[in-house]
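Working notes, structure below.
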Amino acid sequence: MLTVRTIAALRARRQELWRSGHTVAFVPTMGALHEGHLALVERGRELADEVWVSIFVNPTQFAAGEDFTRYPRDEERDGRLLAERGVALLFAPDVKEIYPRPGVITLDAPPLTGGLCGAHRGGHFQGVLLVVAKLFNIVQPEVAVFGAKDYQQALLIRRLVDDLCFPVRLEIVPTVREADGLAMSSRNAYLDPQQRLAATVLHRALAAAAAQAQTGERSGAALEAAIAAVVAGEPAVTLQYAAAVDPETLQPQPNIARRVLLAAAVVVGSARLIDNILVEVQ
Ligand code: PAF
């Protein structure tokens, strides 16, 4: 696996691939890799000749007081995992390479960034949109692979690609879970054993509401209350939001017609965890 830290070095390798007619599937990450990330790599391998991964803890998507400085970083371990999975190139730039000067261009999508996680993480999605746009322009992949756990992020990136005409195919891979249902996340590393056990309430709460939707509950408010009620049963966990929204617009759904996104964020100790379930109702 080739590790490059500069845009110039990456572009040199990209030119070679264009000349040989080989395609690239790109998996952007912030490192601290787990099986969820590796599932994105596996999917990428099916879709292109080479898989390229970036590891960049993007400062612009962390609000003041969030976990930017303590976000887990272990490039040696991550590099080993990626090499074992056949990744051809790791792009691991430092902050100055991606943000050489204070930026003046901003990206936003207010109807989609305002709710759910966006309501609780000021500037987060603007930072995600900016760095993903930069990374797409740097790597110019044929395919880019993202995880479904970050539903709002994936929807925003879909709009970024469609609205700004990025010539990249997006692939969204289902969430990978631990045996007890907890969605894999780099932030699970913040949990002590008791908190780790308590954190399973997030998926249980969403699954309980999904079961209600599947057995006839059509009120978004009732489904949100169902999520909140299950989370309230776990004193070590604080609910940040519970949402039953339209999967395309992320707007509340008073009466669910066809599909509903059930999404929630909780705080467990020093970890903020998110999860979601997309439900098709008959
Ligand atoms: O999902 C993530 O890890 C990040 O938000 C991403 C897409 C790599 C952008 O920094």
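The values are calculated or read from the model by the stated rules, or taken from the named source; none is laboratory data. What you are looking at is a predicted structure, and each value in this text was computed from that prediction instead of being measured. All Cβ positions, glycine included, derive from the backbone under ideal geometry; neighbour counts span all protein chains shown. When the accessible area is computed, the model is the full protein with side chains, heavy atoms only, and any ligands, DNA or RNA have been set aside. Shrake-Rupley method; radii C 1.70, N 1.55, O 1.52, S 1.80 Å.
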**Item:** Largest to smallest principal axis extent of the C-alpha atoms in the chain, angstrom
**Value:** 56, 40, 38
**Pair Ala257, Ala12: separation of 7 Å Cα→Cβ label points (nm)** = 5.6 nm
**Asked** Calculated FRET efficiency, Ala92 and Asp180, Cβ-Cβ r, R0 30 Å, to nearest 0.05?
**Response** 0.40
**Prompt:** Quick one: length gained pulling Arg5 to Glu84 fully straight, 0.36 nm per residue minus the C-alpha distance?
**Reply:** 26.4 nm
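Determine one quarter of the surface area of the Cα convex hull of the stretch 129-282, which equals its mean projected area, and express it in nm² to one decimal.
Average of the hull's projected areas for the stretch 129-282 equals 9.9 nm².
How large is the accessible surface per residue of the stretch 76-188, computed with a 1.4 Å probe and reported in Å² as a whole number? Display every interim value, and only then the final one.
Working: 5150 Å² over 113 residues.
Per residue, the stretch 76-188 has an accessible area of 46 Å².
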**Request:** Place +1 on the Cβ of every Lys and Arg and -1 on the Cβ of every Asp and Glu in the stretch 132-247, take the dipole about the Cα centre, and give the residue among Leu191, Gln140, Thr215 whose Cα lies farthest towards its positive end.
**Result:** Gln140
**Prompt:** Around Lys149, which amide H atoms from residues at least 5 apart in sequence, or from another chain, sit under 5 Å from its own amide H, with H modelled in the peptide plane?
**Reply:** Thr175
**Prompt:** What is the extension gain from Asp192 to Thr69, computed as 0.36 nm multiplied by their sequence separation minus the C-alpha to C-alpha distance, in nm to one decimal?
**Reply:** 42.3 nm
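Within the chain, what whole-number % of the accessible surface is contributed by carbon and sulfur, with the 1.4 Å probe and all protein chains included in the calculation?
Numbers: 6920 of 12870 Å².
So the carbon and sulfur contribution to the accessible surface is 54 percent.
Regarding the stretch 1-118, what is the average projected area of its C-alpha convex hull, in nm²? Mind dumping the intermediate values first?
Numbers: hull surface 36.5 nm².
Result: a mean projected hull area of 9.1 nm².
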**Prompt:** Stretched out fully, how many nm does the piece from Ala222 to Arg19 gain, at 0.36 nm a residue minus the Cα gap?
**Reply:** 67.4 nm
**Prompt:** What is the projected area of the convex hull of the Cα atoms of the stretch 147-215, averaged over all directions, in nm²?
**Reply:** 6.3 nm²
**Item:** Distant-in-sequence amide H partners of Thr3 (H built 1.01 Å from N, under 5 Å)
**Value:** Leu90
**Asked** If you take every DSSP beta bridge whose two residues both sit in the chain, what share of them, in percent to the nearest 5, is antiparallel?
**Response** 50 percent
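Treating the beta-carbon of each Lys and Arg as +1 and of each Asp and Glu as -1, no other charges, what is the dipole magnitude of the stretch 133-282 about its Cα centre, to the nearest 20 debye?
Working: 13 positive and 15 negative charges, 22 e Å.
My answer is approximately 100 debye.
Let me know the shape class of the stretch 2-66, please: from the alpha-carbon gyration tensor, a ≥ b ≥ c as square roots of the eigenvalues, rounded when a/c is under 1.5, otherwise prolate if a/b is greater than b/c, or oblate. Walk me through the numbers on the way to the answer.
Numbers: a/c = 3.07, a/b = 1.46, b/c = 2.09.
Here the stretch 2-66 falls in the oblate category.
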**Message:** Under 10 Å, Cα contacts only: if you run a Gaussian network model on the chain, which one of Ala205, Ala229, Ala243 comes out with the highest mean-square fluctuation?
**Reply:** Ala229
**Message:** Can you give me the C-alpha center-to-center distance between the stretch 195-239 and the stretch 71-118, rounded to a whole angstrom?
**Reply:** 31 Å
**Fill in**
With label points set 7 Å from each Cα along the Cα-to-Cβ direction at Val281 and Glu76, the distance between them in nm comes to 5.3 nm
